[in-house]
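Worksheet for the structure shown next.
The values are calculated or read from the model by the stated rules, or taken from the named source; none is laboratory data. Everything numeric here is computed off the predicted structure, so don't read it as measured data. FYI the Cβ positions are ideal-geometry reconstructions off the backbone, even for glycines, and counts take in every protein chain you see.
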Amino acid sequence: MKLTPEQQKKQEYYRDARITGEYGKIWQSVGKCVFCDLDDKYVFFEENGVVMTVPVFAYVDGHIMVIPKRHVRSVKELKPGEWETMRKFFYLAKKMIREVHGVKGMQIVQKDGSEAQSTVEHIHFHCIPFDNPELSTWNYQQLEDTPFDNAEKYRASRDKLEKLSKRFGKKYGQ
Ligand SMILES: [Zn+2]
């Protein structure tokens, strides 16, 4: 995929939105469920009604999200098959963060409840590379990657992902 200069500029606007203060403005103007309307250019893997995608407004480079396609608010509404796929995707995300970014630790964050999840009522799990203790206090930093760059990097390692996916089936059954 090739981006026009305008598209690239927009990608950099998304990338920097958390440190420029633009992020707050953007959320106030979103009137629909963004996770029911995921953008294909950020989704890099999908199985059984669950996707692995990158956020438009990443916390750190390499940030992945695991999201069921159905609009459900809580883990308890997930079907056993969806949950089983998520369990697998957490495993794959950890492996891919190591593969693509060389980071061995991963932090899974799921903001549950209306107070924590003020912007979206569609359950989503953040899979966050954990290579710097400061990041767990959410001190946002200048990113290198636009959301598009982030997706492209994971997409470029698609073969590895396929292989890991197959191996998971043999080792852990699904
Ligand atoms: Zn939704």
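So which residues in region 36-52 are assigned to a loop (DSSP other than H, G, I, E, B) and closer than 20 Å to Arg15 by Cβ? Show your work before the answer.
Taking region 36-52 and keeping what is assigned to a loop (DSSP other than H, G, I, E, B), we get 36-42, 48-49.
Passing the criteria: Leu38, Asp39, Asp40, Lys41, Tyr42.
Scan region 29-43 and give yes if some residue there is modelled with pLDDT of 95 or more, surrounded by 14 or more Cβ atoms within 10 Å (Cβ to Cβ) and among the β-branched types (Val, Ile, Thr), otherwise no.
yes
Within region 8-48, can you find the residues that are farther than 20 Å from Tyr154 by Cβ and within 16 Å of the ligand (Cβ to nearest atom)?
Trp27, Val30, Gly31, Lys32, Cys33, Cys36, Asp37
In region 101-124, which residues are within 16 Å of the ligand (Cβ to nearest atom) and either modelled with pLDDT under 65 or over 21 Å from Val50 (Cβ atoms) (or both)? Reasoning before the result, please.
We begin by selecting, within region 101-124, every residue within 16 Å of the ligand (Cβ to nearest atom); these are 110-112, 114, 117-124.
Of everything in region 101-124, those that are within 16 Å of the ligand (Cβ to nearest atom) and either modelled with pLDDT under 65 or over 21 Å from Val50 (Cβ atoms) (or both) turn out to be Ser114, Gln117, Ser118, Thr119.
Is region 147-165 home to any residue that is out of contact with any helix residue (DSSP H, G or I) (no Cβ under 6 Å at 6 or more places or on another chain), within 26 Å of Ser74 (Cα to Cα), in a helix (DSSP H, G or I) and modelled with pLDDT under 80?
No, region 147-165 contains no residue that is out of contact with any helix residue (DSSP H, G or I) (no Cβ under 6 Å at 6 or more places or on another chain), within 26 Å of Ser74 (Cα to Cα), in a helix (DSSP H, G or I) and modelled with pLDDT under 80.
Any residue in region 82-108 that's in contact (Cβ under 8 Å) with a residue 12 or more places away in the chain and more than 16 Å from Ala156 (Cβ to Cβ): show its pairings with residues that are polar (S, T, N, Q) and in a helix (DSSP H, G or I) at Cβ separation under 6 Å, as long as the two are six or more apart or on different chains.
Pairs found: none.
Please indicate, with yes or no, whether at least one residue in region 54-70 is within 13 Å of the ligand (Cβ to nearest atom), in a loop (DSSP other than H, G, I, E, B) and either basic (Lys, Arg) or out of contact with any Asp or Glu (no Cβ under 6 Å at 6 or more places or on another chain) (or both).
Yes, that holds for at least one residue.
Would you confirm, using the coordinates I've provided, whether Phe89 is within 22 Å of Asp149 (Cα to Cα) and in a strand (DSSP E or B)?
Details: within 22 Å of Asp149 (Cα to Cα): yes; in a strand (DSSP E or B): no.
Considered against the rule, which asks whether it is within 22 Å of Asp149 (Cα to Cα) and in a strand (DSSP E or B), Phe89 comes out as no.
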